[in-house]
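Just below is one structure, and these are the notes that go with it.
Values quoted throughout were computed directly from the atomic coordinates according to the rules given, and no laboratory measurement underlies them. Note that the structure is a prediction, hence the values are computed from the model and not measured. Heads up, the Cβs are rebuilt from the backbone with ideal geometry, glycines too, and the neighbour counts pull from every protein chain shown.
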């Protein structure tokens, strides 16, 4: 059974700003019905109001992805409202303060791991369960990895560990999903310009101890990458895609 794009349901976490909002808007433009989820309801509702004004279909749901009950309630609401889920962009994430390794507090560590890894697991698990039991069966999960899934920045142990773990999670979901027509992939983003990353244009700590501004790319390029991945039939998958500012100091030596 083939579905039209207009009848496909997408969930984007961390959708109130930055990469999540850009991807949600791109999916809406492509005709998806999009559930925008995040901790702060006000920016989600603002984005949904703009979507409705443009004749698009969207809904806002508040969720704390660190909390299993909150995530379960999110997917219960999606099930009751839409009856299925075709795409999850597993995007929500946080960072920890850039401090010497031995000064990183356990609560700071846990907040990053609970959000970036356990939260991603909880959302992927909820999506997997819905996709496995719906008809037609299957769907696509796209995890936000980051170039930190490959190489760390200085003073970023918690974030780097969480994003390295996302790579293993992605591969495991991709393998375990084969029996149910569920595909999973990862988009690794480097230096997308958002309100949170704008500070990097003024200078960021480098591996050699200096501070230097870094080149950035338009966040729309990330949205275009995700919308391409989302446009594929479930018989095809981009397992891993890196989209980055061409001249950022990632592929060179620090």
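Listed values, structure above:
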| read-out | value |
| --- | --- |
| Rounded FRET efficiency, nearest 0.05, which uses the C-beta distance separating residue 77 from residue 238 and R0 of 35 Å | 0.75 |
| Rel. contact order, % - alpha carbon contacts under 8 angstrom, at least six apart, the range 190-254 | 40 percent |
| Top of 75, 128, 101 by mean-square fluctuation, Gaussian network on the chain, Cα under 10 Å | 101 |
| Exposure proxy order (Cβ contacts within 10 Å, fewest to most) of 163, 110, 202 | 202, 110, 163 |
| Residues 52, 221, sorted so that the one with the fewest Cβ neighbours within 10 Å comes first | 52, 221 |
| Relative contact order (percent, whole number), the chain, Cα cutoff 8 Å, 6+ residue spacing | 17 percent |
| Residues 35, 112 arranged by fewest to most Cβ contacts within 10 Å | 112, 35 |
| Label of the coordinate-derived value, Cα extents along the principal axes in Å, listed as (i) 48, 42, 37; (ii) 54, 35, 31; (iii) 55, 36, 34 | (iii) |
